[in-house]
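Presented below is the structure to which this report refers.
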Amino acid sequence: MIRIQHFIDGAFVEPHSGTYFDDVDPAQGKPYAEVPDGDADDVERAVASAKAAFPAWSQTSAAERSRLLLAIADGIEREIDELSRIESIDNGKPITLARSSDLPRAVANFRFFATAILHAHSELHVADRGGLNYTLRRPLGVVACISPWNLPLYLLTWKIAPALATGNTVVAKPSEITPMTAFHLSRIVEAAGLPPGVLNVVHGFGPKVGPPLTGHPDVRAVSFTGGTATGGLIAAEVAPKFKKLSLELGGKNPNVVFADADMDETIKTSLRSSFQNQGQICLCGSRILVEKSAYPAFVERFVAAAQTLRQGDPLDPATEQGAIVSKPHFDKVMSYIALAKKEGGTVLCGGSPPGSVNDRCKDGFFISPTVIVDLPMSCRTNQEEIFGPVVTITPFATEDEAISLANGTTYGLSASVWTQNLARAHRVADRIEAGTVWINCWMVRDLRVPFGGVKGSGVGREGGEDSLRFFTEPKNVCVKT
Ligand code: NAD
């Protein structure tokens, strides 16, 4: 059995508790590694090490910080095949997806922010009658970066890279369900020569490691991606302590299809936006809304296409649909399918585990792509985030109705709009309550653009300038001239 360790002060260390818990391979349904059961003492050590490392790291030149972060990117890239395999085993995602999306993005996150800091500029405001204001942007100190299990290294590095690039020191807390690539990142970071204490990785259960970390008086900011309920707990912990807080939370994203859309492209991409990573992407379009005149044909074609998705062993490069991340999450998704039936929904395909994947995966957590119709927008199935390979399809009559259905949840992360009518596309994009709207596409990501949610999907934006600003504090200096 593999046993991983915390990474604190440049060293791999045992948990203070001396205890470990199991990391389960979801495709096989059995433990394959042991994870440190971190606690407040480990957090204390990690924060102290980050605090001690801050003065030197924050004074390190941008050129040197950039060089080290680029070396980390190179280190990940050198091992990209093996890390893709590790991510696939830990999470259950198809290895081809890990290799084509998760790992290249982790490399890109480091390169993007490593080079962004070389192009930084300062603001200057010259007053009409004497006076010159310039704005200094300084790193905050020790920051906490907390990430979820669905895109493990992709999302952890999306936070760590800008935090380190801007001169902060970091205590990172990966998901206890998928800690493996964070452990390997620690190894790569050490080999790249990042000074001890600049990045610390503490493993463990959220409720045990999270509060001592987010509430620690020496932690100046918290960047969190995860569930909306957890985001609420963190906000309650952090707000009275006046720390900077970025919350990237859940979604129940609409995928709005007008009858004039290019249906071949719409169905092809909607299949991905519904089921990629087994529907376990915060940006997945779990509510498909289709204009009435196109509804019957869309449903028929979409269901037929969903049934062709290749479900299989995540380590088989041909697999398109892998395993659900854990048994508790499998149970949660299955309970929502049962709820949908109770609420009057008709399951047109999926709704259960596939017959058999292969012998290696016979005890794994698999659910076939599931399409449900005949549900009102007000029901729980259409209101709550399921975060699995489950979508509903709902007809609408008018543009106004489409927008009201699209906006009819407590979430507001992203949306897709499919139409050939340019004016309508812009109009609808403007009226949809979401941090990101894609027109005739999905998950086309540009690391420079603001990324985040509205309503229950979060507070704050990440990406490009927004990340650089989040991890720095502006200070205005006024000079009399
Ligand atoms: P989660 O909220 O259960 O856990 C996320 C992280 O928070 C984990 O590392 C966990 O250990 C930690 N945590 C748990 N309790 C904590 C506490 N009290 N204090 C501090 N940290 C704590 O989420 P999850 O199940 O890992 O991830 C799935 C969720 O993440 C979904 O809701 C999904 O939509 C969301 N998500 C959002 C985005 C986005 O960019 N908006 C991206 C990916 C995933």
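Conditions first: (1) open to solvent by less than 20 Å² (accessible area, probe 1.4 Å); (2) under 30 Å from GLU384 (Cβ atoms). LEU185 passes all but one, so which condition is the exception?
Just one mismatch for LEU185, condition (2).
Among the residues of region 211-223, write down those that are within 7 Å of the ligand (Cβ to nearest atom) and open to solvent by 10 Å² or more (accessible area, probe 1.4 Å).
PRO211
Being in contact with an Asp or Glu (Cβ under 6 Å, 6 or more places away or on another chain), within 10 Å of the ligand (Cβ to nearest atom) and not charged (D, E, K, R) is the filter here, so list the residues in region 236-269 that pass it. Spell out the reasoning first.
To start, the set of residues in region 236-269 that are in contact with an Asp or Glu (Cβ under 6 Å, 6 or more places away or on another chain) comprises 250, 252, 258-259.
This time we only want the ones that are within 10 Å of the ligand (Cβ to nearest atom), so: 250, 252.
Residue satisfying the conditions is GLY250 alone.
Considering only residues that are open to solvent by less than 10 Å² (accessible area, probe 1.4 Å) and farther than 8 Å from ARG287 by Cβ, look in region 391-402 and name the one that is farthest from the chain's Cα centre (by Cα).
PHE396
Can you confirm whether SER416 is more than 29 Å from THR115 (Cα to Cα) and surrounded by 23 or more Cβ atoms within 10 Å (Cβ to Cβ)?
On the way: more than 29 Å from THR115 (Cα to Cα): yes; surrounded by 23 or more Cβ atoms within 10 Å (Cβ to Cβ): yes.
Yes: the conditions hold for SER416.
Restricting region 199-209 to residues that are crowded, with 24+ Cβ neighbours inside 10 Å and not in a loop (DSSP other than H, G, I, E, B), which is nearest to the ligand (Cβ to nearest atom)? Outline the logic, then answer.
Residues of region 199-209 that are crowded, with 24+ Cβ neighbours inside 10 Å, as a first pass: 199-204, 209.
Filter once more, so that each one left must be not in a loop (DSSP other than H, G, I, E, B): 199-201, 209.
Details: LEU199: 16, ASN200: 15, VAL201: 11, VAL209: 7 Å.
Here the answer is VAL209.
Which one of these does SER368 not meet: (1) among the hydroxyl-bearing types (Ser, Thr, Tyr); (2) within 22 Å of VAL417 (Cα to Cα); (3) in contact with a Cys (Cβ under 8 Å, 6 or more places away or on another chain)?
(2)
Of all the residues that make up region 323-348, how many are in a helix (DSSP H, G or I) and either closer than 21 Å to GLU87 by Cβ or β-branched (Val, Ile, Thr) (or both)? Walk me through how you get there before you give the answer.
Our first condition is that a residue be in a helix (DSSP H, G or I); within region 323-348, this holds for 327-342.
Going one step further and asking which of them are either closer than 21 Å to GLU87 by Cβ or β-branched (Val, Ile, Thr) (or both), we end up with 327-330, 333, 337.
The total comes to 6.
Mind checking which residues of region 245-287 are within 19 Å of LEU375 (Cα to Cα), small (Gly, Ala, Ser) and not in a helix (DSSP H, G or I)?
Listed by number, the residues that qualify are GLY251, GLY285, SER286.
Taking LEU233, is it within 14 Å of the ligand (Cβ to nearest atom), among the hydrophobic types (A, V, I, L, M, F, W, C) and open to solvent by 20 Å² or more (accessible area, probe 1.4 Å)? Working first, answer last.
Details: within 14 Å of the ligand (Cβ to nearest atom): yes; among the hydrophobic types (A, V, I, L, M, F, W, C): yes; open to solvent by 20 Å² or more (accessible area, probe 1.4 Å): yes.
In short, yes.
Within the bounds of region 366-386, is there any residue that is farther than 30 Å from SER293 by Cβ, open to solvent by 10 Å² or more (accessible area, probe 1.4 Å) and among the hydrophobic types (A, V, I, L, M, F, W, C)?
The answer is no; no qualifying residue exists.
Could you check region 138-162 and list, in sequence order, the residues that are within 16 Å of the ligand (Cβ to nearest atom) and over 14 Å from the mean Cα position of the chain (by Cα)?
Taking region 138-162 and keeping what is within 16 Å of the ligand (Cβ to nearest atom), we get 142-162.
Scanning region 138-162 gives VAL142, VAL143, ALA144, ALA161, PRO162.
Filter region 270-301 down to the residues that are under 25 Å from SER378 (Cβ atoms) and more than 16 Å from the ligand (Cβ to nearest atom) and list them by number.
Residues satisfying the conditions are SER270, ILE288, LEU289, VAL290, GLU291, LYS292, SER293, ALA294, TYR295, PRO296, PHE298, VAL299.
Rundown of residues vs (1) over 22 Å from LYS30 (Cα atoms); (2) of a type outside the set (D, E, K, R); (3) open to solvent by 20 Å² or more (accessible area, probe 1.4 Å), yes/no style:
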residue: GLY285; (1), (2), (3): yes, yes, no
residue: ILE288; (1), (2), (3): yes, yes, no
residue: GLU291; (1), (2), (3): yes, no, yes
residue: ALA294; (1), (2), (3): yes, yes, no
residue: LEU309; (1), (2), (3): yes, yes, yes
residue: GLY312; (1), (2), (3): no, yes, no
residue: ALA318; (1), (2), (3): yes, yes, yes
residue: ILE324; (1), (2), (3): no, yes, no
residue: LYS327; (1), (2), (3): no, no, yes
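Of all residues in region 72-115, which are open to solvent by 30 Å² or more (accessible area, probe 1.4 Å) and over 27 Å from GLN28 (Cα atoms)?
Correct list: ASP74, GLU77, ARG78, ALA108, ARG111, PHE112, THR115.
Spot the failing condition for ALA191; the list is (1) open to solvent by 10 Å² or more (accessible area, probe 1.4 Å); (2) of a type in the set (A, V, I, L, M); (3) in contact with a strand residue (DSSP E or B) (Cβ under 9 Å, 6 or more places away or on another chain), and only one is missed.
(3)
Considering only region 34-48, I want to know if a residue exists there that is in a strand (DSSP E or B) and open to solvent by less than 40 Å² (accessible area, probe 1.4 Å). Step through it out loud before you land on a result.
Our first condition is that a residue be in a strand (DSSP E or B); within region 34-48, this holds for 34-36.
Within this subset, residues satisfying the condition of being open to solvent by less than 40 Å² (accessible area, probe 1.4 Å) are 35-36.
The answer is yes, given that some residue of region 34-48 is in a strand (DSSP E or B) and open to solvent by less than 40 Å² (accessible area, probe 1.4 Å).
Which residues, taken from region 435-451, are part of a loop (DSSP other than H, G, I, E, B), touching a helix residue (DSSP H, G or I) at 6+ places or on another chain (Cβ under 8 Å) and not charged (D, E, K, R)?
Matches in region 435-451: GLY435, ASN440, CYS441, TRP442, MET443, LEU447, VAL449, PRO450.
Residue-by-condition table, conditions (1) touching a Ser or Thr at 6+ places or on another chain (Cβ under 6 Å); (2) modelled with pLDDT under 95; (3) farther than 23 Å from LYS292 by Cα:
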site	(1), (2), (3)
LEU405	no, no, no
TYR411	yes, no, yes
SER414	yes, no, no
TRP418	yes, no, no
ARG424	no, no, no
ALA429	no, no, no
ILE439	no, no, no
LEU447	no, no, yes
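Please verify whether region 460-470 includes one or more residues that are in a helix (DSSP H, G or I), in contact with a strand residue (DSSP E or B) (Cβ under 7 Å, 6 or more places away or on another chain) and closer than 27 Å to SER326 by Cβ.
Our first condition is that a residue be in a helix (DSSP H, G or I); within region 460-470, this holds for 464-470.
With in contact with a strand residue (DSSP E or B) (Cβ under 7 Å, 6 or more places away or on another chain) added as a condition, the list becomes 470.
Next, from what is left, pick out any that are closer than 27 Å to SER326 by Cβ: none.
There is no residue in region 460-470 that is in a helix (DSSP H, G or I), in contact with a strand residue (DSSP E or B) (Cβ under 7 Å, 6 or more places away or on another chain) and closer than 27 Å to SER326 by Cβ.
Output the residues belonging to region 220-242 that are under 19 Å from SER175 (Cα atoms) and either assigned to a loop (DSSP other than H, G, I, E, B) or aliphatic (A, V, I, L, M) (or both).
Selection gives ALA221, VAL222, GLY226, GLY227, ALA229, LEU233, ILE234, ALA235.
The values are calculated or read from the model by the stated rules, or taken from the named source; none is laboratory data. Bear in mind that the values here come from a model prediction, so they are computed numbers and not experimental data. Don't worry about glycine lacking a Cβ; one is built from the backbone with ideal geometry, like all the others, and counts go over all protein chains shown. To get the accessible areas, we keep the full protein, side chains included, count just its heavy atoms, and leave off ligands, DNA and RNA. Shrake-Rupley method; radii C 1.70, N 1.55, O 1.52, S 1.80 Å.
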